[in-house]
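*Asks:* Once you've had a glance at the structure underneath, I'll fire off some questions.
Values in this text are rule-based calculations from the coordinates and carry no lab data. Since the model is a prediction, treat every value here as computed from it, not as a measurement. With ideal geometry, Cβ positions are generated from the backbone for all residues, glycine too; neighbour counts draw on all protein chains shown.
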Amino acid sequence: MGRHDQAIVEIKRARELDPLAIGANANVGYTLFWARQNGQAVEQLKKTLEMDKNDGFTHFVLGLTYDAMGAAQRSHP
């Protein structure tokens, strides 16, 4: 629906309620990815991997984010 700012506020609130929840932390990164805030997404996803280096979803979203960043660089010479 394009309401990325609102989504970011809500998922960060969920993380505040349970700061050790891997899913909430990964979803902050995922939401930032969809909002095209890739630098912040990478930062958050790396922090999440520090909490659980084996979380597959976090690795997946980090890969998507790096791919999007590379695609953006390739389209702007």
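*Asks:* Of the residues Lys12, Lys46, Lys53, which single one is free of Cβ contacts under 8 Å to residues at least 24 places away in the same chain and surrounded by 15 or more Cβ atoms within 10 Å (Cβ to Cβ)?
*Replies:* Within the list Lys12, Lys46, Lys53, the selection yields Lys12.
*Asks:* Another one. Ala7 passes all but one of (1) in contact (Cβ under 8 Å) with a residue 24 or more places away in the chain; (2) loosely packed, with under 14 Cβ neighbours inside 10 Å; (3) small (Gly, Ala, Ser); which number fails?
*Replies:* Single failed check for Ala7: (2).
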